[in-house]
Amino acid sequence: MGLGNSRNSDERSRVVALLALVAGTGMATPAAAQDATWLANPGSGDLSLGSNWSTGVAPGASNTAFFDGSTSPPWGSLRRP
């Protein structure tokens, strides 16, 4: 009888440890950039400044940037090479 209880206790400990690891990993992961919309009235024309975007983070290379409804899109700050 004692052996069975020990086995259940070991399994329970493994499950708890695994859940703690998974939960901790999710919390330690930095926020990734995501699709974002340029604010209607951004503080500046800086495309890389997170505070100018709806998500608070500038979209990355694999994300989509939307400029719908902005009263001041950054086109004026873009220059031809």
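The values are calculated or read from the model by the stated rules, or taken from the named source; none is laboratory data. All values derive from a computational prediction rather than experimental measurement. Cβ placement follows ideal geometry from the backbone for every residue including glycine, while neighbour counts extend to all protein chains displayed.
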Assess whether Asn52 counts as being touching a Phe, Trp or Tyr at 6+ places or on another chain (Cβ under 8 Å), modelled with pLDDT of 70 or more and under 30 Å from Asp68 (Cα atoms).
yes
Contacts under 9 angstrom Cβ, first residue in region 46-68 being at positive phi and assigned by TED's automatic domain parsing to the domain that holds Asp35, partner of a type outside the set (Ser, Thr, Tyr) and surrounded by 14 or more Cβ atoms within 10 Å (Cβ to Cβ), 6 or more apart:
Gly56/Ala36
Would you be able to say whether some residue in region 14-32 is hydrophobic (A, V, I, L, M, F, W, C) and either at pLDDT 90 or above or in a loop (DSSP other than H, G, I, E, B) (or both)?
yes
